[in-house]
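First comes the structure, then the notes that go with it.
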Amino acid sequence: MKPYQEMTKEELLEEKKQLDAEYRRYQMRGLQLDMSRGKPSAEQLDLSMEIMDVLHSGVDLACEDGTDCRNYGVLDGIHEAKVLIGDMIECHPDNIIIYGNSSLNIMYDTISRSMTHGVMGSTPWCKLDQVKFLCPVPGYDRHFTITEHFGIEMINVPMLETGPDMDMVEKLVAEDEAVKGIWCVPKYSNPQGITYSDETVRRFARLKPAARDFRIYWDNAYGVHHLYDIDQDNLVEIFAECKRAGNPDMVYKFCSTSKISFPGSGLAAIATSANNLEDIKKQLFVQTIGYDKVNQLRHVRFFKDIHGITEHMRKHADILRPKFEMILDLFDRELADRGVGSWYRPKGGYFICYEAMDNCAKEIVSKAKKAGVVMTPAGATFPYGKDPKDSVIRIAPTYPSLEDLEVATRIFVVCVKLVSIEKFLNN
């Protein structure tokens, strides 16, 4: 196929005429398709239904150490759950606190605690003139919503194929004491699906922040969410690297089983140093008597160990892989030769990121909506909802059926072509 930029005006108008007709046909179908959020499909949720059967009124609800999971206590989570999560995120059980179902909740609490009580004795952020956070972009919108909620100034850091621009990160962290943290989704990042390189992780661990209360917010949400058995990305373990670099307190690692078992009733956890854990537990002691130990036990008895999680995630991959491959194959066939955008081919995670021509993303998303396809709002993957180039579009393939997803993707492709042609015609 001929790139649009090489077409004459007459050729572009003829192409547009055909695409307009195809677009109208989709509009007439009255479709309601949703590619807006990274939610598991019903088929994925069905994989975990047997978790409801492992505990019932006739079973023993005691842990190996005799703890009765029906009662109060065990502030930081039962040992068996710590072992399970520890194996999943490559951390020692002693460095883990098991919370409720939401890692986002833990991140919110961590920022909130830093605002009101500081970090390990440092001045509470609410008493400082300025608090800044580094935000690799495009990134996870809910991260940015938390820092915006607390009035923290967010600074865009470009994402490269190896992860965040570490030259920029190192400079900002070293020079500005107001920079207190950085958001990271280090494996199969949201939305690009990029995994940080070994060198990027080690440069993170060797950071020399001006602020002693600077922390890396390491949200390893997709650590076991591979699409392929063999062709997988590997991520260097940040916690061990920080200890080797003499920065044992610099990282908070977050995770959950939200997209492994049930999003509404999974397990979430934080892993960090003993000093950080002591600081966190001071708040937890006031906040709660302990989280849902029955649910922790349920997860342990369902998965049993890391091998159970690995096998379970293979089943998830079998459902998701055809969806990702269908979209990427369609992009290759319909868009690769048109010169109207680019995309990354992730080996795992929950998203595909399409980077359109500048000043086209909002119009593409709007046009798709008018044809019955709801997508993540353009700009959502940037702080304050402002994409400087108006080019990034996040695609969430997981929730729709494969059939619905193919229709939605074809509509998206038509919208990309139409908006791109209009841009060329108006230049």
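Here are a few things to note about the model shown:
- Residue match in the stretch 370-379 (condition: free of Cβ contacts under 8 Å to residues at least 40 places away in the same chain, over 27 Å from residue 134 (Cβ atoms), not aliphatic (A, V, I, L, M) and not in a loop (DSSP other than H, G, I, E, B)): no
- For residue 232: the one exception among (1) touching a residue at least 40 places away in the same chain (Cβ under 8 Å); (2) closer than 30 Å to residue 122 by Cα; (3) surrounded by fewer than 23 Cβ atoms within 10 Å (Cβ to Cβ); (4) of a type outside the set (Phe, Trp, Tyr): (2)
- Residue among 19, 55 that is hydrophobic (A, V, I, L, M, F, W, C), assigned to a loop (DSSP other than H, G, I, E, B) and modelled with pLDDT of 95 or more: 55
- Every residue from the stretch 200-229 that is of a type outside the set (Gly, Ala, Ser), assigned to a helix (DSSP H, G or I) and open to solvent by less than 20 Å² (accessible area, probe 1.4 Å): 200, 201, 204
- One residue stands out in the stretch 107-121 among those that are of a type outside the set (Val, Ile, Thr) and assigned to a loop (DSSP other than H, G, I, E, B): the one that is nearest to residue 391 (Cα to Cα), namely 118.
- No other residue among 58, 73, 66, 30 is surrounded by fewer than 17 Cβ atoms within 10 Å (Cβ to Cβ) and in contact with a Gly (Cβ under 6 Å, 6 or more places away or on another chain) apart from 73.
- Enumeration of residues in the stretch 307-337 that are within 27 Å of residue 7 (Cβ to Cβ) and crowded, with 20+ Cβ neighbours inside 10 Å: 327, 331, 335
- Condition check for residue 104 on (1) part of a loop (DSSP other than H, G, I, E, B); (2) in contact with a Lys or Arg (Cβ under 7 Å, 6 or more places away or on another chain); (3) open to solvent by 30 Å² or more (accessible area, probe 1.4 Å): one failure, at (1).
- Residues satisfying the stated conditions in the stretch 83-94, i.e. open to solvent by 20 Å² or more (accessible area, probe 1.4 Å) and in a helix (DSSP H, G or I): 83, 87, 88, 93, 94
- Options 398, 409; residue that is on the phi < 0 side of the Ramachandran plot, in a loop (DSSP other than H, G, I, E, B) and crowded, with 18+ Cβ neighbours inside 10 Å: 398
- Here residue 246 meets each of (1) farther than 18 Å from residue 99 by Cα; (2) more than 23 Å from the chain's Cα centre (by Cα); (3) open to solvent by less than 10 Å² (accessible area, probe 1.4 Å) with one exception, condition (3).
- Flag if residue 155 is within 15 Å of the chain's Cα centre (by Cα), part of a strand (DSSP E or B) and of a type outside the set (Lys, Arg): no
- Top-ranked residue of the stretch 389-427 - restricted to ones that are among the charged types (D, E, K, R) and touching a residue at least 40 places away in the same chain (Cβ under 8 Å), ranked as nearest to residue 350 (Cα to Cα): 394
- Taking the stretch 380-395 as the range and being in a helix (DSSP H, G or I) and open to solvent by 10 Å² or more (accessible area, probe 1.4 Å) as the test, the residues that pass are 384, 385.
- Top-ranked residue in the stretch 122-139 [being open to solvent by 50 Å² or more (accessible area, probe 1.4 Å), part of a loop (DSSP other than H, G, I, E, B) and of a type outside the set (A, V, I, L, M); ranked as nearest to residue 195 (Cα to Cα)]: 130
- A count restricted to the stretch 235-258 and to residues that are assigned to a loop (DSSP other than H, G, I, E, B), of a type outside the set (Ser, Thr, Tyr) and under 18 Å from residue 271 (Cβ atoms) stands at 8.
- Check on residue 109, in contact (Cβ under 8 Å) with a residue 60 or more places away in the chain, surrounded by fewer than 19 Cβ atoms within 10 Å (Cβ to Cβ), more than 23 Å from residue 143 (Cα to Cα) and of a type in the set (Asp, Glu): no
The values are calculated or read from the model by the stated rules, or taken from the named source; none is laboratory data. Here the structure is a predicted model, which is why all the values come from computation and not from measurement. Note that we place each Cβ from the backbone using ideal geometry, even for glycine, and neighbour counts take in every protein chain shown. Accessible surface is based on the protein model in full, side chains and every heavy atom, while ligands, DNA and RNA are left aside. Shrake-Rupley method; radii C 1.70, N 1.55, O 1.52, S 1.80 Å.
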